[in-house]
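The structure appears below as structure tokens.
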Amino acid sequence: MIASVRGEVVVRRPDHVVVETAGVGYRLAVSANTLRAIPSAGQDAFLHTHLVLRDDAMALFGFATEEERDLFLMLTSVSGIGPKVAQAILSGGTARELISAIAAGDLATFQAYPGVGKKTAQRIIIELRDKVGTGDTSGDGIPDGAGEADDPRSLARTGLVNLGYSPEEALRLLEGASGSTPEDLISHALRAGARP
């Protein structure tokens, strides 16, 4: 099992990176969130990894944090969620935001992703809610999501998704938004998004 990779970034693409270590280039599929944490080509990077073995292929997935890798493993344990769908979900928000959505029972957040219908979103909530809401403070990567559900930024993101934006668009709109309430953040994000 390959648990992590450290080395020079030689390729950086929207859905994957290649990290060379000891003369071997490892191609790692990454989420948009992890990609933001990876430096440009020529610089060193460290990624937690998970290897998915299939009859016809091997795929190595890279994660900027153990928290994201743990959530990936939780998502792929849900019936109907494969590695690619799990990566798409992880691209739409931080691990903490997604855990908050699970803890809050927010179906709309998960239904916004390609390949996730209402029934699959319900399975995610039902199967993972107990796992993310266990009050875990041991620092092993999966925090208690219940306290995050009232986070203004997370609520604003959910609000933008409910307005019809994709999770990726909502995250992008909120990047420079300021405000102390979800309403302020949404208002600022919509104004910023309307600028040419």
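The values are calculated or read from the model by the stated rules, or taken from the named source; none is laboratory data. Because the structure is predicted, anything quoted here is derived from the model rather than measured. Using ideal geometry, Cβ is built from the backbone for each residue, glycine included, and neighbour counts are taken over all protein chains shown.
Observations
- Subset of the range 83-98 (residues that are within 21 Å of Val52 (Cα to Cα) and of a type outside the set (Lys, Arg)): Pro83, Val85, Ala86, Gln87, Ala88, Ile89, Leu90, Ser91, Ala95
- Taken across the range 133-143, residues that are at pLDDT 80 or above and crowded, with 20+ Cβ neighbours inside 10 Å do not occur at all.
- The numbered conditions (1) assigned to a helix (DSSP H, G or I); (2) of a type outside the set (A, V, I, L, M, F, W, C); (3) within 17 Å of Glu168 (Cβ to Cβ) are all true for Gly93 except (1).
- Residue in the range 90-98 that is in contact (Cβ under 8 Å) with a residue 40 or more places away in the chain, of a type in the set (S, T, N, Q), under 29 Å from Ala156 (Cα atoms) and not assigned by TED's automatic domain parsing to the domain that holds Arg157 present: yes
- Selection within the range 37-64 - in contact (Cβ under 8 Å) with a residue 12 or more places away in the chain and either charged (D, E, K, R) or buried (at least 17 other Cβ atoms within 10 Å of the Cβ) (or both): Ile38, Asp44, Ala45, Leu47, His48, Thr49, His50, Leu60, Phe61, Gly62, Phe63, Ala64
- Output for the range 148-190, where each listed residue is assigned to a loop (DSSP other than H, G, I, E, B) and of a type in the set (Asp, Glu): Asp150, Asp151, Glu175
- When residues of the range 28-82 are limited to those that are assigned to a loop (DSSP other than H, G, I, E, B) and of a type in the set (Asp, Glu), the one modelled with the lowest pLDDT: Asp55
- When Ala112 is tested against (1) modelled with pLDDT under 90; (2) out of contact with any Pro (no Cβ under 8 Å at 6 or more places or on another chain); (3) of a type in the set (Gly, Ala, Ser), only condition (2) is not met.
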